[in-house]
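Shown next, in structure tokens, is the structure this report addresses.
The values are calculated or read from the model by the stated rules, or taken from the named source; none is laboratory data. Nothing here was measured: the structure is a model prediction, and the numbers come from that model. Because the Cβ atoms are built from the backbone with ideal geometry, glycine has one as well, and the counts that use them run over all protein chains shown. Only protein heavy atoms, including side chains, enter the accessible area calculation; ligands, DNA and RNA are left aside. Shrake-Rupley method; radii C 1.70, N 1.55, O 1.52, S 1.80 Å.
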Amino acid sequence: MKPSPSSEGRQLTLWPAQKPTTWAEIPAVRFELPPTELSLGASLNCGQAFRWVPSTDGAWTGVVWDRAIRLRRSGDFVELRSYPSLPDPEAWFSAYFRLDVDLKALYSQFQRAHPYLAEAISLFPGLRVLGQPPMEVILSYALSVNNSVPRISRAIEVLSRRFGHHIATLDGVSYHAFPRLEVLAGLNLPDPDLTAETGAGWRLENLKRVAGALLARGEGWLTGLRARPYEDAWAELMTLPGIGPKIADCVCLFGLRFDEAVPVDTHIWALARELFGPVISARTLTPAAYRLVSRLYREKFGSFAGWAQEYLYHWRRVKLGRVG
């Protein structure tokens, strides 16, 4: 379903000479899209993005690469405000929330596939895999090794506040862009103060190595992987230092739009043993076991196995009380 922006969206290019200080000063665009087609809460709080924060009025605010964004649902409409303004708000909204994917058709397929997935859909209708900037995805997930979602979010916010440019201060909250690649590649490490503030530990070195390798490959290398087959793109990502199979699949799914990519973490590994039983003989998630589990998910859930993975991942996190 395509969103229908209100005429209010035409005001987005009419900015005052100075930065706004409140979200209310920023013109809004409204999109008609029912909650069953897009759940902001489920989509933004299911562990695939790290910079979204809920507000008491039901809105979600955050930064997507270098823009501060505010989203709020009102009935069948979603209100979008952004600073700096988006050249094409409708295109951004559709791309970020992957509105090219027909959820009703997907649910019809998934609900027959397994009771766990049917339950996940009933609990989180409108959950969508996001179409994030691939550079933001890979740099964020470079901090994710043996880490939790809250700690990853904390590290990214600290790094953005210290090394990203200031976008604006809105309603008393300062928003900073994700640090540029060359800045992260040039981090002066070890830095005990930065390590303590971010809580990222050795992962900062991992982030620096990944940023340096991406810088060496040149502009366009990462986005160019979209034109390659999934297996080729996944293998290319694995050539980067510090990028293992799970992070490569996260980049493929959340950044490069390979819907068949299945990131296998502890939740998906545990579920795989229940879903596929004796087919999985390995007791630990070895590289061979990882590839087997990914293949089994694709065989069972089809070309949108990555979406099935996200529903099952979020379902298990909620069951275990790991969300929040």
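Would you mind finding the one in Leu99, Leu117 that is outside any helix (DSSP H, G or I) and aliphatic (A, V, I, L, M)?
None of the others qualify; the one that does is Leu99.
Residue check: Gly242 meets all listed conditions (1) under 30 Å from Ala216 (Cα atoms); (2) touching a helix residue (DSSP H, G or I) at 6+ places or on another chain (Cβ under 8 Å); (3) modelled with pLDDT of 95 or more but one, namely (3). Checked against the criterion of being of a type outside the set (Phe, Trp, Tyr), exposed (fewer than 14 other Cβ atoms within 10 Å of the Cβ), part of a helix (DSSP H, G or I) and touching a helix residue (DSSP H, G or I) at 6+ places or on another chain (Cβ under 8 Å), the candidates Glu182, Glu197, Glu136 yield just one match: Glu182.
Take Glu231 and decide whether it is at pLDDT 95 or above and open to solvent by 50 Å² or more (accessible area, probe 1.4 Å). Judged against the criteria, Glu231 is a match. Would you be able to say whether some residue in the stretch 248-269 is touching a residue at least 60 places away in the same chain (Cβ under 8 Å) and in contact with a Lys or Arg (Cβ under 8 Å, 6 or more places away or on another chain)? Yes: one or more hits.
State whether the residues of the stretch 241-261 include one that is surrounded by fewer than 20 Cβ atoms within 10 Å (Cβ to Cβ) and farther than 23 Å from Ala49 by Cβ. Checking the stretch 241-261: at least one residue is surrounded by fewer than 20 Cβ atoms within 10 Å (Cβ to Cβ) and farther than 23 Å from Ala49 by Cβ. Just to check your reading of the model, which residue among Arg112, Arg162, Arg151 is part of a helix (DSSP H, G or I), open to solvent by 40 Å² or more (accessible area, probe 1.4 Å) and under 22 Å from Asp265 (Cβ atoms)? Just a single option satisfies the conditions, and that option is Arg151. Does Phe276 count as surrounded by fewer than 16 Cβ atoms within 10 Å (Cβ to Cβ) and either part of a helix (DSSP H, G or I) or without any contact (Cβ under 8 Å) to a residue 60 or more places away in the chain (or both)? Yes, satisfied.
Give the stretch 168-179 a look and list any residue that's touching a residue at least 60 places away in the same chain (Cβ under 8 Å) and assigned to a loop (DSSP other than H, G, I, E, B), or say none. If you could, list the steps in order and put the result at the bottom.
Of the stretch 168-179, the ones touching a residue at least 60 places away in the same chain (Cβ under 8 Å) are 168-171, 173, 175-178.
Across the stretch 168-179, the qualifying residues are Asp171, Ala177, Phe178.
Looking at Gly306, Gly277, can you tell me which residue is more than 23 Å from Ala235 (Cα to Cα) and among the small types (Gly, Ala, Ser)? Reasoning before the result, please.
Details: Gly306 fails: more than 23 Å from Ala235 (Cα to Cα).
Unique residue meeting the criteria: Gly277.
Cβ-Cβ distances below 7 Å connect no pair with a first residue in the stretch 199-226 that is touching a residue at least 60 places away in the same chain (Cβ under 8 Å) and over 18 Å from Gln132 (Cα atoms), a second residue that is aromatic (Phe, Trp, Tyr) and open to solvent by 10 Å² or more (accessible area, probe 1.4 Å), and a separation of six or more residues or different chains. Pairing each residue of the stretch 118-136 that is free of Cβ contacts under 8 Å to residues at least 40 places away in the same chain with any residue that is open to solvent by 30 Å² or more (accessible area, probe 1.4 Å), provided the two are 6+ apart or on different chains, yields C-beta distances under 7 Å for Ala118/Gln111. Against the conditions (1) polar (S, T, N, Q); (2) in a loop (DSSP other than H, G, I, E, B); (3) buried (at least 17 other Cβ atoms within 10 Å of the Cβ), Asn146 satisfies every one except (3). Of the residues examined, Leu189 is one that is assigned to a loop (DSSP other than H, G, I, E, B), free of Cβ contacts under 8 Å to residues at least 60 places away in the same chain and touching a Leu at 6+ places or on another chain (Cβ under 7 Å).
Among the strands (runs of 3 or more DSSP E) confined to the stretch 11-89, the ones with at least 1 residues that are small (Gly, Ala, Ser) and surrounded by 15 or more Cβ atoms within 10 Å (Cβ to Cβ) are located at 60-64, 67-74, 77-83.
So, Arg226, is that one touching a Gly at 6+ places or on another chain (Cβ under 7 Å), surrounded by fewer than 19 Cβ atoms within 10 Å (Cβ to Cβ) and modelled with pLDDT of 95 or more or not? Before the answer, list the steps.
Values: touching a Gly at 6+ places or on another chain (Cβ under 7 Å): no; surrounded by fewer than 19 Cβ atoms within 10 Å (Cβ to Cβ): yes; modelled with pLDDT of 95 or more: yes.
Criteria not met by Arg226.
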